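Down below is the structure, laid out as structure tokens.
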Amino acid sequence: MTKEFRVAEFYSGIGGMHFALKQAGIDSHVVRAFDINTVANDVYKHNFPEVPVMQRSIESLPMSLFEALRADLWTMSPPCQPYTRQGLQKGSEDQRAKSFLFIIDLLARVQRKPTYLLMENVAGFEKSDTRALLLRQLVRVGYRFEEYLLNPLQLCYPNSRTRYYLLAKLDAEPRECSDNEEFPPQFSHSVAGIDLIPPAADAQGHVDFEKGVWHHDEVRQVKEFMQNLSSEDIEHYRLSPKVLERHGYVYDVVTPEARRTCCFTKGYTHYAEGTGSILQLQGVVGKDEMTIENTRYFTPREVANLMGFPADFSFPENTSIKQGYRLLGNSLSVSIVSTLMDYLVRRM
Ligand SMILES: C[S@@+](CC[C@H](N)C(=O)[O-])C[C@H]1O[C@@H](n2cnc3c(N)ncnc32)[C@H](O)[C@@H]1O
């Protein structure tokens with residue numbers, strides 16, 4: 001019998017990492033999940049009742065607990081506000097970066113180090129001082145790492161969500177590394193042995209995910225990810241006449257035939273601009289009038305589908321639609337992460 005593969009899921013949210021692990025077919029045991037958000041934890045427990053969820057801030061936990069995990073893989077998607085364009089970009093000075101700095105420190109102190117690390121964050125993290133701190137620590141402790149900037153469009157999912165990913169494996173010689181050592185950006189937009197659509201690059205070689213990839217006919221159509229809503233259900237997803245009239249023009253509008261939607265964020269349906277696409281069910285965008293009858297929001301189930309969550313993912317009955325959007329907006333592309341996990345554990 002092979003040794004049990006143990007996983008610790010930090011910042012577990014609604015379990016995007018756990019679903020990715022299952023999708024990658026990695027025979028594993030998630031020994032503990034960690035998150036402070038009670039609503040997210042209810043969703044997590046609803047989907048994975050067998051996993052103990054620790055509802056305490058990571059930086060407040062004792063060393064003995066991390067030692068006891070004896071995990072082979074740590075997955076992490078720390079809060080991204082310190083690094084987002086909307087945030088103040090204070091990086092590691094931001095209070096919300098504190099728990100991740102604690103984890104970086106922990107990597108040197110914990111005796112039973114995980115063989116594998118997988119970290120996800122917003123695009124922009126690669127420019128932060130937290131990245132530099134993390135990479136220096138990995139080098140000192142003996143991790144070999146690879147960094148990626150990837151988008152689910154590259155896997156033919158019609159949803160744009162460019163994210164930073166770090167994969168690390170504990171199989172290098174630890175070496176000294178000064179506090180000034182810099183790591184030039186070397187992000188890959190492709191993963192060895194995996195068929196990903198390359199994003200477009202300009203003459204200088206700068207990659208633009210918003211151009212290029214989504215013009216590919218291989219990208220699947222939005223309609224494959226849509227629910228058949230009853231006339232009763234559809235009422236929950238209508239835009240109000242006022243919103244449509246006043247803000248209709250700022251929305252990213254797509255039809256069922258489209259091959260791209262914008263990234264759904266936690267502010268979806270709350271703010272019109274830059275929080276995710278809306279659906280025009282009939283006619284041509286920009287040509288035919290958007291009416292209350294032919295326009296609606298994507299449902300949380302549809303957003304989950306577009307992010308690669310499997311059909312057996314569900315919300316508990318008492319989760320509101322708004323909470324669903326918030327939690328999904330904070331979560332991750334299960335399809336991209338499962339691709340990376342497969343590579344990390346089996347081939348890297
Ligand atoms: C970007 S989300 C990750 C979501 C997750 N990957 C998923 O699939 O839903 C960050 C999560 O970290 C949690 N969090 C933030 N600070 C924390 C801390 N200090 N300790 C534990 N969890 C924390 C938040 O509640 C949030 O759910």
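The values are calculated or read from the model by the stated rules, or taken from the named source; none is laboratory data. Note that this is a predicted model, so its numbers are computed, not measured. As a convention, Cβ positions derive from the backbone with ideal geometry for all residues, glycine included, and neighbour counts pool all protein chains shown. The area values use the complete protein model at the heavy-atom level, side chains included, leaving out ligands, DNA and RNA. Shrake-Rupley method; radii C 1.70, N 1.55, O 1.52, S 1.80 Å.
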Check your understanding: Which values of log₁₀ I(q)/I(0), to two decimal places, follow from the Debye formula for the stretch 156-218 at q = 0.17, 0.29 Å⁻¹ with a uniform point scatterer at every Cα?
Key -> -0.81, -1.53
Exercise for review: Work through the residues other than His29 whose Cβ is under 15 Å from its Cβ and net out their charges, Lys, Arg +1 and Asp, Glu -1.
Suggested key: 0
Review point. Among Thr115, Gly283, His206, which residue has its Cα positioned farthest towards the positive end of the charge dipole of the chain, with +1 placed on the Cβ of Lys and Arg, -1 on the Cβ of Asp and Glu, and the dipole taken about the Cα centre?
Key: Thr115
Review point. Which net charge results when you count Lys and Arg as +1 and Asp and Glu as -1 among the other residues whose beta-carbon is under 9 Å from that of Gln282?
Key: -2
Exercise for review: For Lys211, go through the aspartates and glutamates and keep the ones whose alpha-carbon is under 20 Å away, minus same-chain ones fewer than eight residues off.
Suggested key: Asp195, Asp202, Asp252, Glu257, Glu273
Review point. For the pair Ile321 and Glu67, what calculated FRET efficiency results from E = 1/(1 + (r/R0)^6), where r is the Cβ-Cβ distance and R0 = 41 Å, to the nearest 0.05?
Key: 0.50
Revision key, fill the gap. Asp179 and Asp217 label points (each 7 Å along its Cα→Cβ direction) are spaced in nm at 5.8
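Would you mind working out the magnitude of the charge dipole of the chain relative to its Cα centre, with +1 at each Lys and Arg C-beta and -1 at each Asp and Glu C-beta, to the nearest 20 Debye?
620
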Review point. What FRET efficiency do you get for Thr38 and Asp129 if R0 is 41 Å and r is their Cβ-Cβ distance, rounded to the nearest 0.05?
Key: 0.85
Study note, to complete from the structure: Looking only at aspartates and glutamates whose Cα falls under 14 Å of Lys169's and that sit 8 or more positions away or on another chain, we get Asp72, Glu146, Glu147, Asp342
Exercise for review: Mind jotting down the distance between the C-alpha centroids of the stretch 276-348 and the stretch 1-61, whole Å?
Suggested key: 21
Review point. Carbon and sulfur atoms: what percent of the 1.4 Å accessible area of the chain do they account for?
Key: 49
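Give me D for the stretch 223-276 in µm² s⁻¹, whole number, from Stokes-Einstein with Rh from the Kirkwood sum over alpha-carbon pairs, 10 °C and 1.306 mPa s.
126
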Study note, to complete from the structure: Rounded to the nearest Å, the spacing of the alpha-carbon centers of the stretch 108-131 and the stretch 235-275 is 34
Revision key, fill the gap. Taking Lys and Arg as +1 and Asp and Glu as -1, residues besides Val7 with C-beta under 12 Å from its C-beta add up to 0
Revision key, fill the gap. In whole percent, the Cα-Cα distances of the stretch 192-289 spread across 5 Å bins from 0 upward as 2, 10, 16, 20, 21, 13, 8, 5, 3, 1, 0
Review point. Excluding ligands, DNA and RNA, what is the solvent-accessible area per residue of the chain at a probe of 1.4 Å, expressed in Å²?
Key: 48
Study note, to complete from the structure: What the Cα atoms of the chain span along the principal axes, largest first and in whole Å, is 63, 51, 43
Review point. Which entries of Lys266/Lys287; Lys3/Lys45; Lys98/Lys266; Lys45/Lys266; Lys22/Lys98; Lys22/Lys45 show an alpha-carbon separation above 24 angstrom in the structure shown?
Key: Lys266/Lys287; Lys3/Lys45; Lys22/Lys98
